[in-house]
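What follows is a short report on a single structure.
The values are calculated or read from the model by the stated rules, or taken from the named source; none is laboratory data. As the structure is a prediction and not an experimental result, all values here were calculated from the model. Side chains are part of the model used for accessible areas, which takes the heavy atoms of the whole protein and leaves out ligands, DNA and RNA. Shrake-Rupley method; radii C 1.70, N 1.55, O 1.52, S 1.80 Å.
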Amino acid sequence: MSAFKEDLMKDMQDVFLNTEEFGVQVTLVRSGIEYPMKALFDEPSLDGAAIGAEVQAISHRPRLIVSSADLPGGVPLKGDKFIVPESPICPRSGEFVARDFIYEKDGSVTYDLQVK
């Protein structure tokens, strides 16, 4: 692994996923087993310009970014369930299910979520 990639992964853990900075503590539930982990949670809006349609309403698609190293076996799965507690950094709480995911080259996984 290159020094740059190692530095990037270290920054992800030490800064972005740090719960005292930007991260939130979430719980992954897979096969009945709970795995606590740090994550970034947000809800970017989908507007008409982004989806090529006239804007009738703005919707939000929750997403969660985690380190692949924190996942069981280092593997993301569709259908993973995440419990996101309310916090000052994350005012939206609840249970979410992974609709899909992107396995990023930097060692992170971005989950596309839906409310359970």
Overall dimensions of the range 65-116 by Cα: Rg and Dmax, Å: 11.3, 31
Kirkwood Rh in Å, taken over all unlike Cα pairs in the chain: 15.0 Å
Mean separation of Cα contacts under 8 Å (6+ apart) over length of the chain, as relative contact order %: 23 percent
Accessible surface, the chain, averaged per residue in Å² (probe 1.4 Å): 61 Å²
